[in-house]
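Participant: Here's a structure for you.
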């Protein structure tokens with residue numbers, strides 16, 4: 001039996017375990033009491049044709065009551081809201097305190113070096129990004145190694161992303177340094193290295209997750225998700241990614257029916273997850289300190305990240321009262337997170353994935369979602 005088929009059976013088995021388990025994370029469909037009846041305007045916007053029949057759910061986690069449900073169990077293309085699941089899996093399997101390392105070594109050959117890393121997802125050759133985000137600056141290792149400023153060097157490497165090497169090559173080319181790359185196995189890299197010259201250690205994974213959620217960094221989210229897959233299954237392909245997400249959510253009894261993972265960023269329309277599953281993930285995030293970096297990164301309406309410019313004109317009274325992950329691709333607009341309603345905090349997810357592939361359609365959907373949430377927001381009661 002091939003490894004891919006074997007991994008697929010792992011996913012099926014994990015899904016089966018989830019189905020027969022029970023957990024406090026699961027959302028129950030309970031009829032809301034009269035005191036929690038939603039404003040008519042909320043329902044008006046929820047049913048607006050501008051959302052084109054979305055998956056939508058609103059839950060009061062204090063009572064585990066579903067206040068509103070519109071096709072919430074249907075798997076949909078979630079766009080960047082999918083980063084909630086990839087970040088959830090990253091924190092579970094990689095850990096919030098983990099730091100990636102990248103080292104450079106001398107070899108027995110002049111001007112030939114070994115670059116040995118563990119797939120740091122946040123290396124950069126852009127000094128501005130390095131300073132702004134505390135990303136580790138890959139050219140600094142080359143400068144330490146190439147003190148003679150040789151115009152031609154060879155870098156033998158393992159555990160470094162191809163794109164990061166390409167960016168490094170561009171950096172060196174501008175400085176008129178020719179570079180040849182040669183990929184090694186980890187074993188060969190260890191054998192070739194003779195003396196450590198320098199090393200970079202990343203910021204903790206928690207900081208990367210928070211940044212990824214706040215600014216919806218696609219590359220970072222995908223790389224972190226694949227790091228989780230390497231830890232869990234020793235591989236980072238699509239099958240391993242799928243199995244990792246299923247395992248992470250199933251461990252908490254979260255519904256994984258219909259979950260399909262193509263990437264960790266949410267860019268592929270073939271990614272699928274239901275609004276109900278997203279809400280169950282959010283509820284676990286809120287109550288478990290392990291996942292605090294995700295909550296800390298959630299953009300705040302009208303104030304931070306990808307929500308900085310939203311709600312200000314559509315629902316100004318909701319500014320500061322919505323903490324949520326945004327998402328969009330060609331035919332999807334999504335939003336999922338927490339909304340302050342007086343003394344309570346509701347959890348919600350909206351995935352409108354049947355929009356026309358036009359900017360105007362996406363903007364109307366965003367506006368409608370903002371207006372809908374604005375009908376229930378109330379400042380927190382001290």
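Participant: What translational D, rounded to a whole number of µm²/s, comes out for the range 101-203 from Stokes-Einstein when the hydrodynamic radius is the Kirkwood one over Cα pairs, at 10 °C and 1.306 mPa s?
Facilitator: In µm²/s, the coefficient rounds to 118.
Participant: Still on this structure, please answer the following. Give me 65, 185, 90, 332 ranked fewest to most by other Cβ atoms within 10 Å of their Cβ, as a rough exposure proxy.
Facilitator: Arranged by neighbour count, lowest to highest, 65, 185, 90, 332 become 185, 65, 332, 90.
Participant: What's the angle, to the nearest 10 degrees (0 to 90), between helix 3-20's Cα axis and the longest principal axis of the chain?
Facilitator: Between helix and principal axis, roughly 30 degrees.
Participant: Rounded to the nearest 500, what is the 222 nm mean residue ellipticity of the chain from helices alone, with -39500 (n - 2.57) per DSSP H run of 4+ residues and division by all residues?
Facilitator: -11500 deg cm²/dmol
Participant: Sort 189-195, 269-275 for me by packing, meaning the mean count of neighbouring Cβ atoms within 10 Å per residue, highest on top.
Facilitator: Working: 189-195: 15.1, 269-275: 22.1.
For the peptides 189-195, 269-275, the packing ranking is 269-275, 189-195.
Participant: Select one label from (1) 21.5, 67; (2) 23.1, 79; (3) 20.4, 62: the one whose number is Rg and Dmax of the Cα atoms in Å as derived from the coordinates shown.
Facilitator: Step by step, Rg and Dmax of the Cα atoms in Å for this structure corresponds to label (2).
Participant: Would you mind putting 152-163, 233-244, 126-137 in packing order, based on average other-beta-carbon counts within 10 Å, highest first?
Facilitator: Ranked from most to least packed, the peptides come out as 233-244, 152-163, 126-137.
Participant: Now for a different question. By DSSP, what percent of the beta bridges with both residues in the chain are antiparallel, rounded to the nearest 5?
Facilitator: 75
Participant: If r is the Cβ-Cβ distance from residue 111 to residue 132 and R0 is 30 Å, what FRET efficiency results, to the nearest 0.05?
Facilitator: 0.40
Participant: Give the angle, between 0 and 90 degrees and rounded to the nearest 10, that separates the Cα long axis of helix 205-215 from the longest principal axis of the Cα atoms of the chain.
Facilitator: Rounded to the nearest ten degrees, it is 60.
Participant: When DSSP assigns beta bridges and you keep just the ones with both residues in the range 101-203, what percent turn out antiparallel, to the nearest 5?
Facilitator: If we restrict to bridges inside the range 101-203, about 45 percent are antiparallel.
Participant: Can you list the residues of the range 134-153 with backbone N under 20 Å from a point 7 Å past the Cα of residue 174, pointing along Cα to Cβ?
Facilitator: Output list for this probe position: 134-147, 149-153.
Participant: What angle do you read, to the nearest 10 degrees and between 0 and 90, between the alpha-carbon axis of helix 162-174 and the longest principal axis of the chain?
Facilitator: On a 0 to 90 degree scale, this one is about 60.
Rule-based calculations on the coordinates, nothing more; no lab input. Fair warning: this is a prediction, and the values are worked out from it, not measured in the lab. Glycine also receives a Cβ, built like all others from the backbone with ideal geometry; neighbour counts cover every protein chain displayed.
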